[in-house]
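Q: First the structure, which I've put down as C-alpha cells, then a few questions once you've had a look.
The values are calculated or read from the model by the stated rules, or taken from the named source; none is laboratory data. Being a predicted model, the structure only gives us computed values, none of them experimental. A quick note on method: Cβ atoms are made from the backbone with ideal geometry, for glycine too, and the neighbour counts reach across all protein chains shown.
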Amino acid sequence: MQRWVVMGLSLWLLAWGAAAQTRGDQAFTCQRAASKIDGLIEDWHAMVLEYQAEAKNPSVLQMWAEHRKGRLKTNFQKHCNRQWENHQAIFVCFSGSVTELGLALCRQVDTNPNDWQYKP
C-alpha cells in the first residue's frame, strides 16, 4: 500500500514539475516552441497550401520562408521572448505540439486570445 502511495506521489510530482517548467519558464518554453515550429513548419506549410488557406495564414508563410533560409529557430525564439507577456498561452501550446495540426489548433481562441501573429 505504501509503495503505491509513494509511486503515485512521485508520478504526480514529476508531472507537476514538468507542467510548471513548461508553463512557468519563459526561456525554456520559447526554446522548445522554436524547436517544435522549426521541426514542423514544412508540414504546416504543406497543410496550409493543401487547404488553400494562405490568406488566413500569413504567419505560417513567413515562418516557412525563414525556415528555408535557416533563420526560423533563432528568430522565433527572439520573437517569443519579446511577445511573451501578450501571447504566453500560444507559446506554451506551440511548445507542446507534436504535429502540424497541433500547431494549427494552437491558434484557436482559447490559446490565442490576443490574435498572435508572427512578426520577427
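Q: Are any of the residues in segment 41-53 among the small types (Gly, Ala, Ser) and assigned to a helix (DSSP H, G or I)?
A: Of the residues in segment 41-53, the ones among the small types (Gly, Ala, Ser) are 46, 53.
Filter once more, keeping what is assigned to a helix (DSSP H, G or I): 46.
Within segment 41-53, one or more residues are among the small types (Gly, Ala, Ser) and assigned to a helix (DSSP H, G or I).
Residue by residue, here is whether (1) touching a strand residue (DSSP E or B) at 6+ places or on another chain (Cβ under 9 Å); (2) modelled with pLDDT of 95 or more; (3) under 22 Å from residue 115 (Cα atoms); (4) surrounded by fewer than 12 Cβ atoms within 10 Å (Cβ to Cβ) holds:
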residue: 21; (1), (2), (3), (4): no, no, no, no
residue: 26; (1), (2), (3), (4): no, yes, yes, no
residue: 31; (1), (2), (3), (4): no, yes, yes, no
residue: 55; (1), (2), (3), (4): no, yes, yes, yes
residue: 66; (1), (2), (3), (4): no, yes, yes, no
residue: 75; (1), (2), (3), (4): no, yes, yes, no
residue: 87; (1), (2), (3), (4): no, yes, yes, no
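Q: Something else now. Read through the list (1) more than 17 Å from residue 117 (Cα to Cα); (2) surrounded by fewer than 18 Cβ atoms within 10 Å (Cβ to Cβ); (3) at pLDDT 95 or above; (4) touching a Ser or Thr at 6+ places or on another chain (Cβ under 9 Å), then give the number of the only condition that residue 39 fails.
A: The one condition residue 39 does not meet is (4).
Q: What tally of residues in segment 59-76 results from selecting those that are out of contact with any helix residue (DSSP H, G or I) (no Cβ under 8 Å at 6 or more places or on another chain) and either assigned to a helix (DSSP H, G or I) or acidic (Asp, Glu) (or both)? Walk me through how you get there before you give the answer.
A: Within segment 59-76, the first condition is being out of contact with any helix residue (DSSP H, G or I) (no Cβ under 8 Å at 6 or more places or on another chain), and the residues that meet it are 59, 62, 65, 68-71.
Adding the requirement that they be either assigned to a helix (DSSP H, G or I) or acidic (Asp, Glu) (or both) leaves 59, 62, 65, 68-69.
Going through segment 59-76 one residue at a time, the tally reaches 5.
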